[in-house]
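**Q** Handing you this structure, nothing more for now.
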Amino acid sequence: MTDLTLPNALTQLLVEHRAAHDPHYPPSDNSDHGPMTYLAMHGLGIDVPAIERFSDQYRRKLASYPPPNYTVGKHDWTLHLGRRESYSALLRFFDAEVSTEGWQGTVARYLPMLISGWVKNAFHPIIRLGYGIEFEAPSEIAAGLAYLTITGDDPRMAAIANRPLTDSSGRSYLASLRAARDPAYSRGPFNARYNRIIETANVLPAMEGTHGVLNEISRACLEVFHTTHDFFALHLVTASHAFRICAPWAGRNPNLLYSVGIGAAYLAIGAPAFDPVARATADLPIDALSTATDEHDIKLAYSCLAQSRTFADPTYEWAATGYLEPRLRPERR
């Protein structure tokens, strides 16, 4: 995989972007994917001038945010949970924490108190933090923690994760949730779907499989996406990658929260049937992974590359290519 060390010009771009833009933009609270995409492009081996050209185009649709008129401290930061207006003040707070405690100590201190909200806003806060950690970008680690804070934790999710385990794991775990499908779960904005599911659906944490919860359920997420090519299913893949990166700092039993979160999101996309995918036998030299131009496609490409390397499973790259190549080369359809 490409060296993940950030060149100075990219570090500066990340800092400038974060200083200028709110984590959401209109008209419907879309998440700012810019910094995540810049880092994904770097991870795919794309040079800084190309990333800067992408940034120039992408940033035109984003919103700014007002500077803070108050400060946040260790004694009162939890008062800002779920308060979007506190984002810029929280950035300053987490910047200071990272500066004095180091990024690992800061993430280990605060993420366990925030991780229960990891599914909200279609996973984007945890994905932003995951990219910050993956590339060791302090400004983005602070941004991810601030974003998680204004999104808020979720005691309901934490309570569900402490229930007895199901008797299934991996692919069978997601398949078992199809019995709980309800049309109301897949209607409306993602957060509304998620809230209905957390309040009413029978979602329990998955048991540990032969190869581990993160490995097996992440693979099942890939299979859901490969079968459906659904837009929200794409987020199952990118979120699985991000959670894996963040899990070492997420506190006790992160796998329980992971399985419940993925289960809830699977219901939110309608719990579609999906097919098992045979394991690819070799890494493929696929240029599609580095030529995507849409921010979601770029992040999918990098997530699949990263998951492929971590799990020693080239099926991730194979599935990403099967999705991306027709989109990039429509004449082949």
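**Q** List the lysines whose Cα lies under 25 Å from the Cα of Lys61, skipping any in the same chain that are fewer than 8 positions away.
**A** Of all the lysines, those that pass the test against Lys61 - Cα under 25 Å, at least 8 places apart if same chain - are Lys120, Lys299.
**Q** Direction-averaged shadow area of the convex hull around the Cα atoms of the chain, nm²?
**A** With every direction weighted equally, the projected area is 16.6 nm².
**Q** A further question on this structure: What is the dipole size for the stretch 1-135, taken about its Cα centre, with +1 at each Lys and Arg Cβ and -1 at each Asp and Glu Cβ, in debye to the nearest 20?
**A** About 340 debye.
**Q** Could you state the per residue volume, in Å³, of the convex hull enclosing the Cα atoms of the stretch 155-268?
**A** Dividing the Cα hull volume of the stretch 155-268 by its residue count gives 101 Å³.
**Q** Which residues' amide hydrogens lie under 5 Å from the amide hydrogen of His24, considering only partners 5 or more residues apart or on another chain, with H built in the peptide plane?
**A** Asp32
**Q** Treating each Cα of the stretch 8-151 as an identical point scatterer and ignoring solvent, apply the Debye formula and state log10 I(q)/I(0) at q = 0.10 Å⁻¹.
**A** -0.31
Just so you know, all these numbers are worked out from the coordinates, no wet-lab data involved. What you see is a predicted model, and the numbers here were worked out from it, not measured in a lab. A quick note on method: Cβ atoms are made from the backbone with ideal geometry, for glycine too, and the neighbour counts reach across all protein chains shown.
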